[in-house]
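Below: the structure, in structure tokens.
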Amino acid sequence: GKLVPLLAAAIDRRLVSLVYQPIFDLRDGQMKAVEALMRLRMPDGTSVPPSVFIPIAERSGSIIELGRWAIKTACQDILASDRMTTVSVNVSPVQLRTPGFAASVAAILEETGVSGSRLALEVTEGLDMEMQPEVLRCVADLQALGVEIWLDDFGSGYAGLSWLRAIEFNTVKVDRTFLHDCSDERGLTMLQDMVALIRNRGNTILVEGVETEAQMSVLQNLSIDRVQGFHLGRPVTADLLEASA
Ligand code: G
Ligand code: G
Ligand code: MN
Ligand code: NA
């Protein structure tokens with residue numbers, strides 16, 4: 001109830017912020033990108049997780065303004081940073097379906113002076129994310145700006161395979177449940193099959209949710225391209241990320 005008006009005023013009241021989680025190249029260990037993750041602080045100081053406020057913002061329409069704020073803030077932060085080369089920002093299907101979204105991204109790049117190739121947008125497959133022509137056109141317009149389009153949480157949703165067929169994703173992020181389930185033979189086979197599927201399409205493979213050194217070994221054996229997870233680096237503020245250089 002009270003989240004709807006709060007979300008509408010969240011930017012002005014400075015209740016939203018971004019934290020950044022590093023993404024590493026598995027071969028050379030270098031930080032190749034950071035993922036921007038939105039945080040919402042209530043006026044009383046408590047925080048609300050994105051799993052709660054993002055769906056509400058999607059329904060109320062606030063996601064449009066919040067999403068634009070996130071992309072602009074991420075662009076400003078990478079310009080000011082010595083460590084962030086590329087930033088990925090999560091975008092809701094609602095944003096991709098909104099007319100003018102690609103143009104609004106182009107305007108942010110122009111305004112901030114950030115090259116499109118330093119920005120990636122993570123889209124999540126899902127039931128509500130139909131393969132509408134306007135979505136495909138939006139993706140093509142964004143890629144024409146040099147912006148990368150990444151498929152997030154691959155394998156967790158419903159439309160994954162048709163998505164892989166329709167869109168040339170620059171990177172596919174394998175849902176962390178596949179890594180977490182691979183402590184037994186059956187789960188490991190599943191992860192291997194997943195990796196083969198993505199690799200045969202020529203997409204860069206990122207596995208998220210790396211929490212242990214044992215999982216790192218599994219991923220090294222599978223020659224995964226990129227990795228992300230609490231074991232390698234937690235989401236932190238831009239200031240902390242700079243300081244941890
Ligand atoms: O950061 P955390 O694990 O709590 O994120 C939970 C979920 O919220 C993830 O699925 C993530 O993609 C999503 N999320 C985080 N930040 C944003 C954002 O800025 N925009 C959108 N649309 N989703 C976000
Ligand atoms: O769906 P998406 O990939 O955007 O989700 C991002 C969320 O995943 C962030 O909220 C982040 O806190 C969380 N996350 C990042 N690394 C790990 C990890 O190693 N384990 C778990 N369980 N969650 C993680
Ligand atoms: Mn994501
Ligand atoms: Na994900």
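The values are calculated or read from the model by the stated rules, or taken from the named source; none is laboratory data. Note that the structure is predicted; figures quoted are calculated from it, not measured. When we count neighbours, we look across all protein chains shown, and the Cβ atoms used for this are built from the backbone with ideal geometry, even at glycine.
Being of a type in the set (Val, Ile, Thr) and out of contact with any strand residue (DSSP E or B) (no Cβ under 8 Å at 6 or more places or on another chain) narrows it down to one residue among Thr73, Thr98; which is it?
Just a single option satisfies the conditions, and that option is Thr98.
Based on this model, can you work out whether Arg176 counts as touching a residue at least 24 places away in the same chain (Cβ under 8 Å), more than 16 Å from ligand 2 (Cβ to nearest atom) and of a type in the set (D, E, K, R)?
Judged against the criteria, Arg176 is not a match.
When residues of region 140-168 are filtered for being away from ligand 2 (no atom under 13 Å from the Cβ), of a type in the set (A, V, I, L, M, F, W, C), closer than 19 Å to Ile205 by Cα and in contact with a helix residue (DSSP H, G or I) (Cβ under 8 Å, 6 or more places away or on another chain), how many remain?
5
Scan region 183-194 for residues that are more than 16 Å from ligand 4 (Cβ to nearest atom) and outside any loop (DSSP other than H, G, I, E, B) and report the count.
Of the residues in that region, 8 qualify.
A quick yes/no check of all residues on (1) within 15 Å of ligand 3 (Cβ to nearest atom); (2) without any contact (Cβ under 8 Å) to a residue 40 or more places away in the chain; (3) among the aliphatic types (A, V, I, L, M):
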position: Leu18; (1), (2), (3): yes, no, yes
position: Leu40; (1), (2), (3): no, yes, yes
position: Leu79; (1), (2), (3): no, yes, yes
position: Asp82; (1), (2), (3): no, no, no
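Would you pick out the residues in region 202-229 that are in a loop (DSSP other than H, G, I, E, B) and surrounded by 13 or more Cβ atoms within 10 Å (Cβ to Cβ)?
Scanning region 202-229 gives Asn203, Glu208, Gly209, Val210, Glu211, Thr212, Leu222, Ile224, Asp225, Gln228, Gly229.
Can you tell me which residues in region 26-48 are surrounded by fewer than 16 Cβ atoms within 10 Å (Cβ to Cβ) and either touching a strand residue (DSSP E or B) at 6+ places or on another chain (Cβ under 8 Å) or on the phi > 0 side of the Ramachandran plot (or both)?
Within region 26-48, Gly29, Gln30, Arg41, Met42, Gly45, Ser47 meet the criteria.
Taking the residues in region 88-111 that are at pLDDT below 95 and part of a helix (DSSP H, G or I) as candidates, determine which candidate is farthest from ligand 4 (Cβ to nearest atom). Outline the logic, then answer.
Looking only at region 88-111, we keep the residues that are at pLDDT below 95, and these are 92-99.
Imposing the further condition that a residue be part of a helix (DSSP H, G or I) reduces the set to 93-97.
On the way: Pro93: 14, Val94: 18, Gln95: 17, Leu96: 16, Arg97: 20 Å.
Ranking the candidates gives Arg97 first.
Looking at region 96-108, I want the residues that are at positive phi and have a partner that is aliphatic (A, V, I, L, M) and at pLDDT below 95 with Cβ atoms under 9 Å, at least 6 apart or on another chain. Which pairs are those?
Going by the 9 Å Cβ cut-off, there are no qualifying pairs.
Based on this model, can you work out whether Val135 counts as in contact with a helix residue (DSSP H, G or I) (Cβ under 6 Å, 6 or more places away or on another chain) and modelled with pLDDT of 95 or more?
The answer is no for Val135.
Going by the structure shown, is Leu40 within 16 Å of ligand 2 (Cβ to nearest atom) and more than 23 Å from Ser117 (Cβ to Cβ)? Reasoning before the result, please.
Values: within 16 Å of ligand 2 (Cβ to nearest atom): yes; more than 23 Å from Ser117 (Cβ to Cβ): yes.
Here the answer is yes, as Leu40 does meet what is asked.
Going by what's in this entry, would Asp28 be described as away from ligand 1 (no atom under 15 Å from the Cβ) and under 15 Å from Ala10 (Cα atoms)?
no
Just checking, does region 178-191 include any residue being in contact with an Asp or Glu (Cβ under 9 Å, 6 or more places away or on another chain), within 25 Å of Val34 (Cα to Cα) and surrounded by fewer than 20 Cβ atoms within 10 Å (Cβ to Cβ)?
yes
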